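Q: Take this structure, written in structure tokens, and hold onto it; I'll ask about it next.
The values are calculated or read from the model by the stated rules, or taken from the named source; none is laboratory data. This structure is a prediction, so every number in the text was calculated from the model and none was measured. Using ideal geometry, Cβ is built from the backbone for each residue, glycine included, and neighbour counts are taken over all protein chains shown.
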Amino acid sequence: MSDDAIQVSGVVKRYGATTAVDNVSFNVAQGEFVSLLGPSGCGKTTTLRMIAGFVEPTAGALRVNDRDVTHLPPEKRELGFVFQNYALWPHMTVAENVGFGLKLRRKSRTFIREKIAESLSVTGLSGYEDRLPRQLSGGQQQRVALARALALEPQVLLMDEPLSNLDRALRVTMRRELKELQARMKMTTLYVTHDQEEALSLSNRVVIMNKGRVEQVAAPYELYENPATSFVADFVGITNFLEGSAVGVDGGSMGVRLRSGQVLRAVAKTAVTPGAEVRALIRPERVTLTTKPVDGENVLSGQVILSEYFGAVLRYSVRLDGGEILRAEVHNFDNFVETGAKVWICVLPEHLRIIPQEGQG
Amino acid sequence: MIRFDFGTAALRLITLLMMTFLVFPIAVTLVVAVNPREFILPPNGFTLDWFRAAWSSKTFLRGMGVSLVLGIAAAFLANVLALPAAMALVRNNFPGKAALNIILMSPLLIPTTIFSLALYIYFVRIGYGSGLLPLLVGHTIHIMPYALRILTASLHNLDPSYEEAARIVGAGRIRTLFSITLPVIRTGLVSSFALCFILSWNDFPISVFLAPPGWTPLPVELFSYIKFQYDAVAAALAGSLILLSALAIVIIDRLAGLRRVLRS
């Protein structure tokens, strides 16, 4: 027995010689909002479509509420699905679209009418019952699509980039509404997106996918603060990578020896063998930058090659003495540093992550 | 000052000539059909006598009935057969797909007369000869490629997520077909059915070879009439059919949009 609403275990999808989804496993707890995040072609949509039953997995098992659904047709899975292009049936009115699933379940006419009204009021579309989909705007169509899924009170709601066809302002509004709605209804939701802002702001946990594989499953905070791989670090937010080799520094903590020979200290989070090729990861907003020489631990010196003024924030690209380029973002407390200036950059050990280089173990 | 554009003028002239070329025989038929003098032009009056004669001829009315029933049955059968074929071709990739497509479209490549003769010989060999079943089979095979073309185009334009959305809310394959797929592609279905019917209605060679005695479709009936009779009843009948066709085109245009039908 398991409390998880969705269990994806070792799922593989191959199309001929190409592997779209490669041994993907993750769980979604009851009432949890989980996003599948990754660049296009990473297998996130295929994974979602396998859970829905639109695509047959080559290998692996899918369980929904502890029922094996791997080989069930979609109509037997009792799931809600919201499509990227809404997929409202063009020959049916809004009410007919929302009520179709209920009609199939042979519910009474009054029940169906009440349920349609309820679902449309939840999504803010009361009064639109008799419209045809083509008479609605994109945002309204997406609300109908959501109402259609909610009307059946599915055990799990699957959403495939539901906001990506909307313009930016509407997307932000809909995102907030979606979050409120999900929190209110405590509906288990699996959400596919390529938009990291959406994934981070909506989800309890995020599954980051790349090239058909899961890179990391973690809460948004963890993803940003403790990315497991350089792909995650690079995909979520902006990151500086400094290459070097791992060294053990006074017992518990780790260090990285940069190409220049300088050693930076970091708080050890993951075990790395000393001597291994690693990357030191530094978020641009986690550094301090001064024009006065600073001595001490974890100080890098370099020259500003590009400085950008954005009002509230100042962004710099600094060529370090070792040759690497480091991006820094500081709040506008100090004086603006002009291009060409010599600067010193401090990174606290707890703001420096060390991750193994990809492809080398 | 208006500049004389030779290209535009030439294009207009050619278009005009083409239209005349296409419309002239139809116009002549209609003029002959209302002309009191048999087949003598120019006309010297106006009469509906030929129309009256045509529409009171038992032979013609029966031929029309046969053509109507045959056309509806063949169009129905052709679409019922073409729809699953179109679905298989549009939605799947399988070895031999291109070959299957060519085989299904092959009735278009064979001259109808030769195809009809071959079919006649085939039915004689298996002990049928001409008959209602061979006639229906012949018409169905002849028009099926057209249904396949139109339905393939319709299904290409059908977003698969419509069907997926139906499946996920609990509709099985059959329910999805009848509640979602067919209604969504109804324009294509209507166009396909109408075109198939018209093709069957106009067919001459297949019917000549395969129609059994007593079940002669209208075109064959008309042909045997003009072989022996020199009055304008045939022209009046042809005129009626032209007007009916024009009416059908207007109706299809209103229902589905002619441009869409012709494009697919």
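Q: Within the stretch A:292-303, is there a residue that is closer than 18 Å to A:Pro349 by Cα, surrounded by 14 or more Cβ atoms within 10 Å (Cβ to Cβ) and within 27 Å of the chain's Cα centre (by Cα)?
A: no
Q: Select from the stretch A:176-196 the residues that are among the acidic types (Asp, Glu), out of contact with any Gly (no Cβ under 8 Å at 6 or more places or on another chain) and touching a residue at least 12 places away in the same chain (Cβ under 8 Å) and list them in ascending order.
A: Across the stretch A:176-196, the qualifying residue is only A:Asp195.
Q: Quick one: B:Tyr225 ticks every box in (1) within 30 Å of B:Asn157 (Cβ to Cβ); (2) more than 14 Å from every other protein chain (Cβ to nearest Cβ) bar one, so which box is it?
A: (1)
Q: In the stretch B:126-181, how many are in contact with a helix residue (DSSP H, G or I) (Cβ under 8 Å, 6 or more places away or on another chain), of a type in the set (Gly, Ala, Ser) and in a helix (DSSP H, G or I)?
A: Matching residues across the stretch B:126-181 total 7.
Q: Six or more apart or on different chains, Cβ under 8 Å: which pairs go from a residue in the stretch A:51-68 that's within 12 Å of chain B (Cβ to nearest Cβ) and on the phi > 0 side of the Ramachandran plot to one that's surrounded by 20 or more Cβ atoms within 10 Å (Cβ to Cβ) and part of a loop (DSSP other than H, G, I, E, B)? Could you list them?
A: A:Gly53/A:Val69; A:Gly53/A:Arg77
Q: Further question on the same structure: Counting just the residues of the stretch A:71-80 that are without any contact (Cβ under 8 Å) to a residue 40 or more places away in the chain and of a type outside the set (A, V, I, L, M, F, W, C), which one comes out farthest from the other protein chains (Cβ to nearest Cβ)?
A: Taking the candidates together, the pick is A:His71.
Q: Next question. Would you confirm whether or not the stretch B:35-52 contains a residue that is touching a Pro at 6+ places or on another chain (Cβ under 6 Å), of a type in the set (S, T, N, Q), touching a residue at least 24 places away in the same chain (Cβ under 8 Å) and assigned to a helix (DSSP H, G or I)?
A: The answer is no, given that none of the residues of the stretch B:35-52 is touching a Pro at 6+ places or on another chain (Cβ under 6 Å), of a type in the set (S, T, N, Q), touching a residue at least 24 places away in the same chain (Cβ under 8 Å) and assigned to a helix (DSSP H, G or I).
Q: Return yes when B:Phe123 is of a type outside the set (Gly, Ala, Ser), in the same structural domain as B:Ala211 (by TED's automatic domain parsing) and assigned to a loop (DSSP other than H, G, I, E, B) and no when it is not.
A: Considered against the rule, which asks whether it is of a type outside the set (Gly, Ala, Ser), in the same structural domain as B:Ala211 (by TED's automatic domain parsing) and assigned to a loop (DSSP other than H, G, I, E, B), B:Phe123 comes out as no.
Q: In addition: Could we say that A:Leu62 is touching a Pro at 6+ places or on another chain (Cβ under 8 Å), within 18 Å of A:Thr189 (Cβ to Cβ) and of a type outside the set (Val, Ile, Thr) here?
A: Spelling it out, it is not the case that A:Leu62 is touching a Pro at 6+ places or on another chain (Cβ under 8 Å), within 18 Å of A:Thr189 (Cβ to Cβ) and of a type outside the set (Val, Ile, Thr).
Q: While we're looking at this one, here's another question. Give me the pairs, please: first residue somewhere in the stretch A:302-318 and in contact (Cβ under 8 Å) with a residue 40 or more places away in the chain, second residue anywhere and not in a strand (DSSP E or B), beta-carbon distance under 8 Å, and either six or more positions apart or on two chains.
A: Close Cβ pairs satisfying both conditions: A:Gly302/A:Asp321; A:Gln303/A:Gly340; A:Gln303/A:Ala341.
Q: Could you list, in sequence order, the residues of the stretch B:188-232 that are among the charged types (D, E, K, R), closer than 23 Å to B:Leu119 by Cβ and not in a helix (DSSP H, G or I)?
A: Listed by number, the list holds a single entry, B:Asp203.
Q: I want to confirm something. Restricting to the stretch B:59-101 and keeping residues that are surrounded by fewer than 14 Cβ atoms within 10 Å (Cβ to Cβ) and touching a residue at least 24 places away in the same chain (Cβ under 8 Å), which single residue is nearest to B:Gly138 (Cα to Cα)?
A: B:Thr59
Q: Quick check on my filter: what residues within the stretch A:81-115 are more than 11 Å from chain B (Cβ to nearest Cβ), outside any loop (DSSP other than H, G, I, E, B), β-branched (Val, Ile, Thr) and closer than 24 Å to A:Glu161 by Cα?
A: Of everything in the stretch A:81-115, just one residue is more than 11 Å from chain B (Cβ to nearest Cβ), outside any loop (DSSP other than H, G, I, E, B), β-branched (Val, Ile, Thr) and closer than 24 Å to A:Glu161 by Cα, namely A:Val94.
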